[in-house]
Amino acid sequence: MNPEDITVILATDCGSTTTKAILIELQEGEYRLRLRGEAPTTVEAPYDDVLVGVRNAIAEVEQLSGRQLLDEQGELIRPARDGRGTDIYLSTSSPGGGLQVMVMGLVRRMTAESAERAALGAGAIVMDVLALDDGREAYERIQRMRQLRPDMVLISGGVDGGEVERVVEMVELVAAAKPRVRLGTQFCLPVIFAGNVQARPLVQQALEGVADLHIVDNLRPTMDREHLQPARDGIQEEFLVHVMQHAPGYDRLLEWVDAEIMPTPAAVGDIMRQIAEREGINVLGVDIGGATTDVFSVFDGRFTRTVSANLGMSYSISNVLAEAGMENILRWVATEEDPTRLSDRIRNKMLRPTTIPQSLEGLRLEQAVAREALRLALEQHKSLATGLRGVRRERTISLDQRQMGETCLVDMRRLDLLVGSGGVLSHAPRRNQAAGMMVDAFQPEGVTRLAVDSIFMMPQLGALAQVHPRAAEQVFFRDCLIRLGTCVAPVGKPRPGRLALELEMKGETYGVKGGEMALVPLPPGEKREVTVRPGPGLNVGAGPGKCLTATVEGGVTGVILDGRGRPLQLPPAEQRAEVLAQWEAALQAYPATGETADLPGVTNG
Amino acid sequence: MAEAPRTQAGAYTPTLMVAANTLIRRERRLPLPGEVSVEVGDRVEAEQLVAAAALPGKVSAINVARELNVPPGEIGPRLLKHEGDPVELGEPIAEYKSFLGFFRATVLSPASGTVEAISTVTGQALIRGEPIPVELDAYVSGKVVRIEPGEAVTVECRCALIQGILGIGGEAHGELALLTGSATEPVTAEALSEAHRGKVVVCGAQLGWGVLERAREVGVAGLVAGAMSATDLDRLLGAPLGVAITGQEQVGLTLILTEGFGDLNMAQETYDLLRQYEGERVALNGATQIRAGVLRPEIVISLGGATGEASPPPSGQLQVGSRVRVVREPYFGLLGRVSELPDQLKQVETEARTRVLRARLDDGREVTVPRANVELIER
């Protein structure tokens, strides 16, 4: 169909828990989100058919919009005509917890790390990374391969013209392990080889009859070059051809869609890249789900995605507790409740993952856990968002220190835009709560804009961008991306009670003291030139104690003046209740007792 | 003008089955092809062997070329063992002797088993250990209704079925014994004695650490309780439980919680059904996987030749009058019946606007609860 003739678009995202459908319509020359529906995903028993959940989510859209989309046989009505049907239908998916890939390489911090980045960039969950220097014995690697049931294996290793023997040695272990696939026991495990070109014939020989081998360009052709796209494309192609075909009901779903089904995180990653490119800025994005948390960064045009497979707000919430520790979660909770009881409450969310907080106290606890999940996910992201290791650099004493610092690509001082997505952020009853969670967890430095995915529809828009970039962009900037505002935070340790920073805007001066927060209203769509004057020794981007002129953007939250310093200074336990109350009040994050404020709210369910 | 939609959108509500008489099928699948020892139509007992297989042994690797310090392509003449040959741990598999025999290097097998492969590209030798036997029992008593030759057996069983919310440990069998006279009565360690060895023991309310410890000491086969503290579970497992995917734990017994974590009573319906079968031999499985399409831990009480109408499968549909359990604070653990299902979204205390229901709790209170926060109790 000619993109110009498309007036109605239906798109779904089949997540591990929920299938979300959105309906987009052309209204007065612009594509706008009409509404959204959702239903539980039905990939597993008793339904074993993804299409049941897809139809249910579409049925909810029908119910809410009054537009008939499915005919009497449950088939999509296409094209749109007389107020019925849709012109195109698209979908993203992460069936059964997403695309699961096992990665192998020769050296853990070099070729194996490049392969890990390729797999993550393709939207996969990396189940394990095996490398010759991973400290495991050969039999342990074989055991691990047999124990895991990946959707596919990505093998890298050796620069072109380099090591062959050791690469084949790794491949022989795969042949010995004969790992079984997760879905569809009848077909051979797909293996993608993206290593030394000279090893190809021997790799082919070693895997003959054992795996379905696909050879792509070397992802690390030389030590100083990473070439990930062919491996990413190979993974996505295999995902469509093998994995999706064997997931229950996907054969039918593949017939329904008008463009390839994208893995959900790949679609979100594409959207993040597009924002960064369009605005020429550095972007950090997070998508916090029930089972996993994805972090995306684009710094100086370089894209990195990581997935923290066991950090999430429902299925994995207990793992957040285990990894962060109760004492870290308690840093964000102003309650006297016994930690044992709090632990029980968090664990019960793991057992009943689809429940939602009904009480304010429950909401606060969930958002406290989210802060820790986000913090840990960012830590993991930073460890992988690095420059190429193994590249020889000329070293001088004066440069050495800087080069060490350069290995991490994520630099919070140079971050322009922080974007949040996923249930706990998109569905926070007040948008200010989402802003608070992101600022506390990510600790942006200097002047940083904040935004949130309005109703968690970035995946569908990523898929739409493949076939109709204009529609995707219009909906993204008008309906999806909710601008929260701007955070201004000095680096350093502000002194309590003393001025941490002053902000001059439109002739008015606003200040915040050390250890406190303040909110300056600035509506969405407004931009202001401001002068930021940090306290003594503090740095907002122009150097210690120096004034900075910058542009701040308004939003539903406004401009957050964060006087708590970086790294964030958190209060000792005995002052916690009082200090957290000040921060919450400054952000107007929660209703006061008996209050039902008319603040930007969202709808759940 | 658009037609009105015809379907009720995804109002599926999670269910924990507490069924007095239902028909279940349980597939017994070998991890690798092996032998099935029963036929379709056979009646089988829960602990009867129905299939067996031999898992390939552990693979050990050693690089012969590197050990002998020769290029991989030249190891052929130095090999003492070849693909398919049996070897013992420490037995020489390759040897290098220099001209006149002044230098000599021997490669010893790192394991007992069979030489699976020796690569002349890498010099790597793979030794496959002895096969590991695996035997499968029927798990539940009933009739064999399906066979996949060499791979799987499906047993159909008419039973009383109770699904829990979380289990630890795998399959177990034992005689059902109740420790308390009610679903709300706390249990003390003293209530357990040697007489409970090998039995499946039911506690009503919260399970304390003392009882758990005593149950392991006594050697009970299974423990079924309403709830326990998550901290005690961590102590039992030796590490915090990060995600609810269980079944492989080795903690000396199979544990099933019917309600969750905290100080909660067992649902009265669950307790009553268990009490009805006190003294019967039951099968239980702690394996849990909480994802879309959940795997619940279960207690299966085979009803032998019982007839009569089996309970229908869970509908997952909330209706006025449905029996529900609230599964989130502030009413967590309380049971009641749905009294109203308002169509419109309602704002709750958090300010979120969501679909709600009104329920009359068993204690007489009428409360509003998000629909996402209830579980159907279907019989």
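Which ones in the stretch B:102-120 are touching a helix residue (DSSP H, G or I) at 6+ places or on another chain (Cβ under 9 Å), open to solvent by less than 40 Å² (accessible area, probe 1.4 Å) and part of a loop (DSSP other than H, G, I, E, B)?
Result: B:A111, B:S119.
Which numbered condition in (1) charged (D, E, K, R); (2) out of contact with any Lys or Arg (no Cβ under 9 Å at 6 or more places or on another chain); (3) assigned to a strand (DSSP E or B) is the only one that B:E67 fails?
Among (1) charged (D, E, K, R); (2) out of contact with any Lys or Arg (no Cβ under 9 Å at 6 or more places or on another chain); (3) assigned to a strand (DSSP E or B), B:E67 violates only (3).
What is the residue count in the stretch B:335-360 for residues that are away from chain A (no Cβ under 11 Å), part of a loop (DSSP other than H, G, I, E, B) and open to solvent by 60 Å² or more (accessible area, probe 1.4 Å)?
Number of matching residues: 1.
Which of (1) under 20 Å from A:M457 (Cα atoms); (2) surrounded by fewer than 24 Cβ atoms within 10 Å (Cβ to Cβ) does A:A57 not meet, given it meets every other one?
(2)
Does any residue of the stretch A:381-401 turn out to be within 11 Å of chain B (Cβ to nearest Cβ), modelled with pLDDT under 90 and touching a Ser or Thr at 6+ places or on another chain (Cβ under 8 Å)?
Looking through the stretch A:381-401, none of the residues is within 11 Å of chain B (Cβ to nearest Cβ), modelled with pLDDT under 90 and touching a Ser or Thr at 6+ places or on another chain (Cβ under 8 Å).
Need at least 2 residues that are farther than 19 Å from B:A352 by Cα and open to solvent by less than 10 Å² (accessible area, probe 1.4 Å) per element, so show me which helices (runs of 4 or more DSSP H) inside the stretch A:422-518 make the cut, counting only ones lying wholly within it.
Passing ranges, in order: A:431-442, A:458-467, A:469-475.
Quick one: which strands (runs of 3 or more DSSP E) lie wholly within the stretch A:525-581 and hold at least 3 residues that are over 30 Å from A:D479 (Cβ atoms)?
Per the criteria, A:527-534.
Assess whether B:T270 counts as being among the polar types (S, T, N, Q) and either part of a strand (DSSP E or B) or at pLDDT 95 or above (or both).
The answer is no for B:T270.
Taking the condition of being more than 14 Å from every other protein chain (Cβ to nearest Cβ) and either among the aliphatic types (A, V, I, L, M) or farther than 13 Å from B:V211 by Cβ (or both), how many residues in the stretch B:162-195 meet it?
Within the stretch B:162-195, residues that are more than 14 Å from every other protein chain (Cβ to nearest Cβ) and either among the aliphatic types (A, V, I, L, M) or farther than 13 Å from B:V211 by Cβ (or both) number 22.
Give just the number: which of (1) within 12 Å of another protein chain (Cβ to nearest Cβ); (2) open to solvent by less than 20 Å² (accessible area, probe 1.4 Å) does A:R81 not satisfy?
That leaves (2) as the condition not met.
Given the residues A:L64, A:L33, which is the only one that is under 25 Å from A:F476 (Cβ atoms), more than 8 Å from every other protein chain (Cβ to nearest Cβ), open to solvent by 30 Å² or more (accessible area, probe 1.4 Å) and outside any helix (DSSP H, G or I)?
Within the list A:L64, A:L33, the selection yields A:L33.
Would you mind stating whether A:V129 is open to solvent by 30 Å² or more (accessible area, probe 1.4 Å), closer than 26 Å to A:T386 by Cβ, under 30 Å from the mean Cα position of the chain (by Cα) and not hydroxyl-bearing (S, T, Y)?
Against the criterion (open to solvent by 30 Å² or more (accessible area, probe 1.4 Å), closer than 26 Å to A:T386 by Cβ, under 30 Å from the mean Cα position of the chain (by Cα) and not hydroxyl-bearing (S, T, Y)), A:V129 does not qualify.
Looking at the structure I just gave you, is A:E260 part of a loop (DSSP other than H, G, I, E, B) and either open to solvent by less than 20 Å² (accessible area, probe 1.4 Å) or touching a residue at least 40 places away in the same chain (Cβ under 8 Å) (or both)?
yes
Which condition breaks for A:G74 when tested against (1) within 11 Å of another protein chain (Cβ to nearest Cβ); (2) touching a strand residue (DSSP E or B) at 6+ places or on another chain (Cβ under 8 Å)?
Every listed condition holds for A:G74 apart from (2).
Just to confirm my filter: which strands (runs of 3 or more DSSP E) fall fully inside the stretch A:152-250 and include at least 2 residues that are open to solvent by 10 Å² or more (accessible area, probe 1.4 Å)?
A:211-215
Conditions (1) assigned to a loop (DSSP other than H, G, I, E, B); (2) open to solvent by 40 Å² or more (accessible area, probe 1.4 Å); (3) in contact with a Pro (Cβ under 6 Å, 6 or more places away or on another chain); (4) touching a residue at least 12 places away in the same chain (Cβ under 8 Å), marked per residue:
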position	(1), (2), (3), (4)
B:I147	no, yes, no, yes
B:A177	no, no, no, yes
B:G204	yes, no, no, yes
B:A225	no, no, no, yes
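The values are calculated or read from the model by the stated rules, or taken from the named source; none is laboratory data. Model, not experiment: these values are computed from the prediction. Every residue, glycine among them, receives a Cβ derived from its backbone with ideal geometry; neighbour counts consider all protein chains shown. Note: accessible area is taken over every heavy atom of the protein model, side chains too, but ligands, DNA and RNA are not part of it. Shrake-Rupley method; radii C 1.70, N 1.55, O 1.52, S 1.80 Å.
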